[in-house]
Structures are given as structure tokens and as C-alpha cells.
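Report on the structure given below.
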Amino acid sequence: MTAPRDPYIALRQPHFTRYLVGLFTLTIGIQIQGTVVGWQIYDLTKDPLALGLIGLAEALPAISFALYAGHVVDRHDRRRVVMLALAVLVACSAALWVLAAPLSEGVVASARINAIYGVIVVSGIARSFLQPARQALSAEIMPRHLFANAITWRSGTWQLAAVLGPAMGGVLYALGGTTLAYSVDAVLMVVALGVFASIAHRSPVREETHEGVFESVAGGIRFVFREPVLLGALTLDLFSVLFGGAVALLPIFAAEILAVGPTGLGVLRAAPAVGAVATSIFVARHHDFTHTGRVLLIAVAGFGLSMIAFGLSTSFYLSVAILVVSGMCDMVSVVVRSTLLQSRTPEGMLGRVSAVNQIFIGSSNEIGAFESGVTARWWGAARAVVVGGVLTLGVVASVGWFVPALRRLGRLHPEEKSGV
């Protein structure tokens, strides 16, 4: 018989609950910032490519520093790395608040736009360290047998913040413009920094090694490429996110296609997270899939179909519903991929492997935003989203065919059938 499961078991770990509070406030701040920056840049330029450049400005430094960041995370106290990266993000939020002030006489709009892009570049560097550090810290403070439950709550918390953050960003922008929105963003970042500082945990002292930076980084890359199931899952997410970057174009849909303004933009940005939160609650209670590989492939295919439907829709309410479905599909992919990564990676390599994951997944969001901006300039926003959805379906078919180990993947935790 299968032993009864406690769906809230991860929440009974004190360090982890503090981690979730910090993640929640941090994510709301980042989502507010992303919503307002996108609207502000498009309002100043009316150029789809300018929205794509936001993603590129964050992706290039994130990719450039990611592998080194993973090395640093595996050599130093992970909580301290999180706090240092958060301190830089607080400074970036403060800089955006300063840049929201009315233009002085003689100052042109292009100077403000360039300064905003500069802040985004610095933010990308900080997040290249933050992402592997917080993922490794999450795994470090949890027993391995609780990883799946912890990842579900972690992902659900992130998605809940992603529901509230864009909506708050749209409302704050409508009420007080960029100044009010960036003020709230900065306060939330400070709160997140304080919460992570309150986690009474230090990374264990690791065995001294004479391994150089390049050898250390190469070890993380080799590990991923020797794990076909993990590599297949990362590749699947990489290209589906790269081609399915509709979120970057939402300011265009809100302003021109659906005509719903900044408040409607907040709703559109929050819609995928609504579906993801609902799915996370289901997964927390039902934990595992019998045929995980097939479920993953179906979920990503569902995401691609959602992007096609969204690109064809001209109804605001239908578009919101479609984005909710896309979030449901994406959440399944996130839980499966994150559980595979943490359960199959040795503790001492979590930073480096998480950094490789960041390059595959995290940066593909920003590069996907750039790709969407370019294709939207060529073909228009709606057609660009439809083409991206079609390409996503092609990626699913290719990975399913060329990575049979992923397609045949059964339960993530087969030992749980006996209640071990």
C-alpha cells in the first residue's frame, strides 16, 4: 500500500517557509518592474523591437556570467550570494525610480531609454547570480525526499506572485505612473532582502579543491550532457520558451489589438500565473505522474497550441482564458524539470547545474523576448506569436523522437509506490 502523503510537509520546515516569503516578495517586485518597464519603453518608442531589446539587455549579461555564477555558488555560502545579488537589485529598483522623474530641460527621451537599458543590464548580471544561488539554497535547506513537494510549493509561490505582481504593476502605473510603481518595487526588494537575511542557515563547509574555474564550470556542463533525460527536458523548455515568447509582446496586444491599456496589460501578464497556481495546488496533492515523460511532452505541446490560439484571438476575455491554459501547461513542465534537476544532481554541483539550467531556461525567456520583438517587427505581433506556437510543436515532436529516454520516463519517484 502507498503511505498517506502530507501535501503540506515542505511548509513545516521553518527555513523553507521563510524562503517562500522572501521568494514571494522578490517575485512580486520583479513582476511589477517588468510590467512597468515594458509599458514605459513601448510608450516612449512605439517600437516592438524596443520591447525585444529589453529581453536582450537582460539575457546577454545573464548568459555571460551564468556559468561563473554557478562556480561561485558552489564555492561560497549560498544564502550570502542571494543577499548580495538582492542588494544589487534593490539599487537597480532605486535607479529606475530616479529615472522615472520628469525630464529636465535639455534632456532627451533617448537618454532616459538608454539609461533604463543600462539598469536592466546590471539587473541581468545580479539575477545571473541570484537564480542558481536561490535554487541551490532551496535544495540545501530541504531533505532530498521532500524535493518534489518543496518544488511544487516553490513554483506555486512564484506563480502566485506572478499573478499579483503584473496586476499590481498595471494598477500602480494607472494610479501614480512609473514613480509610484518603482517605489513599491524598491520597497518589496528591501523586504525580500530582510527575509533572506533572517534565514538562520549557512552552507556546509566543502572539501578544499584545487580545481580551477574553467574545470569547475566544465564539470557542470559535462554532468548535464551525460544525463539524457535532464538534457531532453532542458532542451524542450529552452526552445518552447524561446519560440513561445508572447509575454514580451503583451504591451502591443494590450495597446493595439485588444485595446485594454496598462490595467489590461497587468491582467494579461497575470493570466498564465493564475493557471499555474491552480495546477500547483493539484500537483501538490497528487504529487507524481505515472508516465512523466509523456505528460511533459503533452504539456509543452499544449503550451504551443495555446500560443497559436492567443495569436489568433481578438477578444480580451478569450485571450485571458487562453493564457490561463498556457500557464497550466507551463507549470507541469516547471515541476517536472525542476524535480529532475534537483533529484539527479549531487549537492555539491547544484550551483553549476542550476547555472546551466539558467542558460537553457532563464535566459531563453529574455532571448525569446528579443526574437518575438524582431519577428513582430517583420510580420506583426499576432503572426509572430502564431509562428512561435507552431515552432514549439515542432520542438516537442523532435525531442520526443530523438530522446526516447525522456519519452519513456515513468514516475519521478518510483520508490514511493511502496511507501518508502
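Read the figures in this text as sums done on the coordinates, not as results from a lab. Just so we're clear, the structure is a prediction, and the values are computed from it rather than from any experiment. In this analysis, Cβ positions are derived from the backbone assuming ideal geometry, glycine residues included, and neighbour counts consider all displayed protein chains.
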Local net charge near residue 326, Cβ-Cβ under 15 Å (Lys/Arg +1, Asp/Glu -1): -1
Neighbour net charge for residue 70 - beta-carbon separation under 12 angstrom, K R +1, D E -1: +2
Share of pairwise Cα separations in the chain, more than 31 Å, in percent: 36
Residue-span extension gain [residue 98 to residue 290] - 0.36 nm each, minus C-alpha spacing: 63.9 nm
Cα centre as origin, Lys/Arg/Asp/Glu Cβ charges: the chain dipole, Debye: 760
Residue (of 394, 7, 324) at the positive-pole extreme of the chain, dipole from beta-carbon charges: 7
Cβ-based net charge around residue 199, under 12 Å, with every Lys or Arg adding one and every Asp or Glu removing one: +4
Most positive-pole-ward Cα, 100, 155, 126, against dipole of region 82-207 from beta carbon charges: 155
Residue order, fewest to most surrounding Cβ atoms within 10 angstrom, among 215, 140: 215, 140
Mean Cβ count within 10 Å, highest first, over the residues of peptides 289-297, 337-345: 337-345, 289-297
Span-like helix ranges in the chain, DSSP H, alpha carbon extent 18 angstrom or more, Kyte mean at least -1.0: 14-45, 48-75, 78-99, 109-140, 147-197, 213-225, 228-243, 261-286, 292-312, 316-344, 363-379, 381-402
